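Presented below is the structure to which this report refers.
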Amino acid sequence: MQRQLYFVRHGETTLSGHLLGVTDPELSSTGAQQLLQSLTSLSGLQGIISSPRKRCLNTATAFAKQYQLPVEVEPNLAEFDFGLWDGQPYDTLWRETQFPSIGDFWQNPWLHTPPEGESMYDFHHRVATWWHSILASPSKECTAVVAHAGVIKALVALILDLSPELTAYQSKIDIPYAGIVKVEVFYDSSQTAWPKVVF
């Protein structure tokens, strides 16, 4: 048995150039079109799982309604909570943050947590909780998972069995707006899951 999953990042938002976690602007008209085009390009979809953030959910829901597909809202797919940094312009954060700075966070997010933000441990735990629930549920379905760059990078790291504390991959994986990462999960005769990223 084999399951196909397409991790799809949301499109461009109306707050381009800002650090977006819990801050949740609408997609721009360009961003909505980007996401719709990516979803339309996926053949054989049987359902959609979406982050609860409206930059993912609104367009995913509109697409699902058009094609009569079920939508599941998954809270664990929400983007990282950047605390007091959330929603701020990047140039402001690079100029004004210190102890920790945003640079400290990007270099080692396991050691440096944004002020009043989510810890990397908590973020990784909730994303991993969702992923393990997927692996534990054998299915033949083809599903689009509409989420965020940080979430998709964490999922790729889990699939590749990268140590959570290794963070260099984060700056070496670029997931553009409406970018797609294809994943296949093969279930053997004992129902053990064997996931892989497919290029």
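The values are calculated or read from the model by the stated rules, or taken from the named source; none is laboratory data. From a predicted model like this one, the values you see are computed outputs, not experimental measurements. For neighbour counting, all protein chains shown are included, and Cβ atoms are generated from backbone atoms with ideal geometry for every residue, glycine included. Surface accessibility is based on the protein's heavy atoms, side chains included, excluding ligands, DNA and RNA. Shrake-Rupley method; radii C 1.70, N 1.55, O 1.52, S 1.80 Å.
The residue list Gln4, Gln98, Gln68, Gln107 contains one member that is at pLDDT 95 or above and out of contact with any Lys or Arg (no Cβ under 9 Å at 6 or more places or on another chain), which is Gln68.
Here Gly44 fulfils each of the conditions (1) open to solvent by 30 Å² or more (accessible area, probe 1.4 Å); (2) at negative phi apart from (2).
Every condition in (1) β-branched (Val, Ile, Thr); (2) closer than 30 Å to Gln33 by Cβ; (3) in a helix (DSSP H, G or I) is met by Thr143 except one, and the failing one is (3).
Does Val22 meet the test of being in contact (Cβ under 8 Å) with a residue 24 or more places away in the chain, more than 20 Å from Val181 (Cβ to Cβ), open to solvent by 50 Å² or more (accessible area, probe 1.4 Å) and among the aliphatic types (A, V, I, L, M)? Spelling it out, Val22 is indeed in contact (Cβ under 8 Å) with a residue 24 or more places away in the chain, more than 20 Å from Val181 (Cβ to Cβ), open to solvent by 50 Å² or more (accessible area, probe 1.4 Å) and among the aliphatic types (A, V, I, L, M). For segment 182-199, a residue qualifies if it is touching a helix residue (DSSP H, G or I) at 6+ places or on another chain (Cβ under 6 Å) and open to solvent by less than 30 Å² (accessible area, probe 1.4 Å), and exactly one does: Ala193. One residue stands out in segment 126-151 among those that are out of contact with any strand residue (DSSP E or B) (no Cβ under 7 Å at 6 or more places or on another chain) and open to solvent by 20 Å² or more (accessible area, probe 1.4 Å): the one that is nearest to Tyr169 (Cα to Cα), namely Gly150. Going by what's in this entry, would Pro164 be described as open to solvent by 30 Å² or more (accessible area, probe 1.4 Å), farther than 19 Å from Ile48 by Cα, in contact (Cβ under 8 Å) with a residue 24 or more places away in the chain and in a loop (DSSP other than H, G, I, E, B)? So Pro164 passes the test.
Take Glu116 and tell me if it is open to solvent by 50 Å² or more (accessible area, probe 1.4 Å) and part of a strand (DSSP E or B).
Values: open to solvent by 50 Å² or more (accessible area, probe 1.4 Å): yes; part of a strand (DSSP E or B): no.
No, not satisfied.
Within segment 47-74, being open to solvent by 50 Å² or more (accessible area, probe 1.4 Å), in a helix (DSSP H, G or I) and either out of contact with any strand residue (DSSP E or B) (no Cβ under 7 Å at 6 or more places or on another chain) or in contact (Cβ under 8 Å) with a residue 24 or more places away in the chain (or both) holds for Lys54, Asn58, Ala62, Lys65, Gln66, Tyr67.
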